[in-house]
Amino acid sequence: MIDKLDYVVALARERHFGRAAEACGVTQPTLSAGLKQLEEQLGVLIVLRSSRFLGFTPEGERVLAWARRMTSDAKALRHEVRALRHGLSGHLRLAAVPSALPVVARLTTPFGERHPAVRFSVVSRTSDDILRRIGEFEIDAGITYLDGAGGSDFRTMPLYYERYCFVAAADKMPHGSQPVTWEQASHAALCLLTPNMRNRRIIDAAMAAAGAPSVPRLESDSMIVLLSHVRTGHWASILPAALVEGANLPVGVAAVPLVGPEVTSLIGLVVSSSDPATTLVQALVAETPSIFHADRPQP
């Protein structure tokens, strides 16, 4: 039955019969026949069909929830047996909020050196999407803001505090190399992340508290776009210190701390609290503290 439950999970992800079949490595007729067999076994209609995928029935939504859990458990079993025989291996799926992308390599590089048979995929997602994907077993772990990851569904591990810098042409800094207030930053030609990003909501809240709501001239969902504009010397931005430190800013562009007040946000590793976890996730959770030992969170 597990292979048929895989079909359900793939169809939920792809929303298309052909792409779901391709993702499962089968033909579309095989996938369709498998879904019909599963419906017959369970005695319920799972999928709304016409010539295309129309969604799941209410019963199908419950089957989908169980399918995600059961296929994840089957994956955990396969990984554990493989690890017992051959050592840790497999595919570790990670997602990070854009502001945390610069630190991902600090986790994947030492982890990969310890476990050469492990391969990684890393995607950039919003904080809300990361939690959703963890809950639906689409990714194994996320690096995101911890203030939204409470409750019993997730296990969290603090990594570092995100701090914010005002980045602009050096000759446009209000006080040279001195810190800039949020109110002063609001007067610049700002380029910021889009409002659906947690980083942007933090910035908006800080500026509103300073009596200077942000009205950026440019918005993007990509930190690379923001950096490329700042590098021209004609734009300014508010960026995480971790990103600035690894950005290799060009001559003439400077970064100074934002104060009045200084704002910090706790970033951490998030995994599902579902048990049993895969051996890959267990190893990641066990080894992350030593990897980030030098960055114990300090407010």
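Please compute the net charge surrounding LEU193, taking Lys and Arg as +1 and Asp and Glu as -1 over other residues with Cβ under 11 Å from its Cβ. Don't skip to the answer; put the middle values down first.
Numbers: positive: ARG198, ARG200, ARG201; negative: ASP204, GLU219, ASP221.
Taking every Cβ under 11 Å from that of LEU193, the sum is 0.
Binning all Cα-Cα separations of the chain at 5 Å, short to long from zero, yields these whole-percent fractions: 1, 5, 10, 13, 14, 12, 11, 10, 8, 7, 5, 3, 1, 0, 0. Exposure proxy for ASP129, ASP153, ASP140: other Cβ atoms within 10 Å of each Cβ, ordered fewest to most, give ASP153, ASP129, ASP140. The calculated Kirkwood hydrodynamic radius for segment 2-81 is 12.6 Å, given to one decimal from all distinct C-alpha pairs.
Most exposed first by the Cβ proxy, i.e. fewest other Cβ within 10 Å, how do ILE2, ILE46 rank?
Values: ILE2 11, ILE46 23.
The most exposed by this proxy come first: ILE2, ILE46.
The chymotrypsin sites (Phe, Trp or Tyr not before Pro) found in segment 11-61 include none that occupy coil by DSSP while having at most 10 further C-beta atoms within 10 Å. GLN37: net charge of surrounding residues, Cβ under 11 Å, Lys/Arg +1, Asp/Glu -1, itself excluded? Result for the local shell: -1. Rounded to the nearest 20 debye, the dipole size of the chain about its Cα centre is 500 debye, using +1 on the Cβ of Lys and Arg and -1 on the Cβ of Asp and Glu.
Cross-link partners of LYS36 among lysines, defined as those whose alpha carbon lies under 29 angstrom from its own and excluding same-chain residues fewer than eight positions apart: LYS4, LYS75.
Within a straight-line Cα-Cα reach of under 17 Å, LYS172 can be paired with the following aspartates and glutamates, leaving aside sequence neighbours fewer than 8 residues apart in one chain: GLU183. Phi angles across segment 90-102 convert, under the Karplus curve 6.51 cos²θ - 1.76 cosθ + 1.60 with θ = phi - 60°, into 3J(HN,Hα) values of x, 10, 9, 9, 10, 9, 9, 5, x, 5, 9, 4, x Hz, Gly and Pro given as x. Look at the dipole of the chain built from charges on Cβ: of THR57, VAL104, LEU218, the Cα furthest out on the positive end belongs to THR57.
No value in this document is a laboratory result; all are computed from the given coordinates. Bear in mind the structure is a predicted one, so any value in this text is a computation, not a measurement. So basically every Cβ, Gly included, is an ideal-geometry build from the backbone, and we count neighbours across all protein chains shown.
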